[in-house]
């Protein structure tokens with residue numbers, strides 16, 4: 001008996017039918033509901049302008065209550081990775097970045113990686129902050145959980161801002177609780193350091209969550225810290241991040 005492959009929430013940008021166009025696969029962070037790639041819009045525009053075909057997928061779409069660890073989630077993505085065909089650039093943001101790094105041993109040696117605030121490991125401070133969000137969501141309080149997440153993604157010295165209107169229902173709560181807990185206790189540093197291909201990791205100097213100490217890199221990789229940025233440097237300083245990515249693509253010949 002064969003099992004049907006899951007139908008994943010996916011959005012595609014750029015030259016979908018261009019022969020030979022390099023392909024970027026983007027794994028989403030923990031988002032309360034699938035947003036068609038809006039979470040990564042500035043980066044997607046940069047990649048598409050450079051001629052890449054960009055496929056964005058909902059990382060948590062392969063999660064269910066039987067997935068109780070990052071390793072289990074990564075195993076599901078590993079099984080589906082061949083379905084996306086050739087991947088020239090593997091991208092990930094936050095949770096998606098962690099999964100992307102764990103998948104590097106399953107990619108071709110020359111595959112490039114682009115990560116934005118994607119942790120290779122966690123520590124007690126980060127895990128405590130993730131658990132606070134997860135506990136609120138698991139207690140049936142997705143609204144306060146989202147509010148806390150929205151505060152934590154800001155730079156640590158940023159003034160409080162008006163809450164972003166997001167549907168805070170039970171489904172959002174389950175996704176938040178699961179995603180935050182899956183990140184706790186991870187360490188994929190060995191997989192990252194062993195990857196022979198190019199890698200660019202971008203983090204904010206003022207992030208309350210993923211910082212430079214949560215990254216891993218080999219000598220030929222690069223970790224860039226965006227001064228003054230929080231967890232979402234691509235949204236806070238889009239021009240600077242776009243320039244970083246454009247230079248990376250040009251230098252590595254991914255265009």
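Just so you know, all these numbers are worked out from the coordinates, no wet-lab data involved. Quick caveat, the model's predicted, so the values are computed rather than measured. FYI the Cβ positions are ideal-geometry reconstructions off the backbone, even for glycines, and counts take in every protein chain you see.
Summary table
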{"read-out": "nm² value of the averaged projected area, convex hull over the Cα atoms of the stretch 144-232", "value": "7.0 nm²"}
{"read-out": "Within the chain, helix-based [θ] at 222 nm, where runs of 4 or more DSSP H residues each add -39,500 (n - 2.57), nearest 500", "value": "-11000 deg cm²/dmol"}
{"read-out": "Potential extension, residue 223-residue 239 segment - 0.36 nm per residue separation minus Cα distance", "value": "4.0 nm"}
{"read-out": "Alpha carbon convex hull of the stretch 200-255, volume per residue in cubic angstrom", "value": "77 Å³"}
{"read-out": "Debye equation applied to the C-alpha atoms of the stretch 50-123, log10 I(q)/I(0) at 0.21, 0.24 Å⁻¹", "value": "-0.98, -1.27"}
{"read-out": "Extended-chain gain in nm, criterion 0.36 nm per residue less alpha-carbon gap, residue 212 and residue 131", "value": "27.1 nm"}
{"read-out": "Antiparallel DSSP beta bridges within the chain, percent to nearest 5", "value": "20 percent"}
{"read-out": "Rough spin-label spacing in nm, given labels placed 7 Å along Cα→Cβ, for residue 158 and residue 76", "value": "2.9 nm"}
{"read-out": "Reference-scaled alpha-carbon Rg (2.2 N^0.38 Å with N residues) for the stretch 104-255", "value": "1.12"}
{"read-out": "Peptides ranked, highest mean first, by Cβ atoms within 10 Å: ranges 112-123, 74-85", "value": "112-123, 74-85"}
{"read-out": "Distance (nanometres) between label positions extended 7 Å along Cα→Cβ at residue 190 and residue 35", "value": "3.5 nm"}
{"read-out": "Relative contact order of the chain, defined on C-alpha pairs under 8 angstrom at six or more residues apart (%)", "value": "22 percent"}
{"read-out": "Principal semi-axes in Å for the chain [√(5λ), Cα gyration tensor, largest first]", "value": "26, 22, 18"}
{"read-out": "Paired Rg and Dmax values of the stretch 12-72, which use every Cα atom, in angstrom", "value": "13.7, 40"}
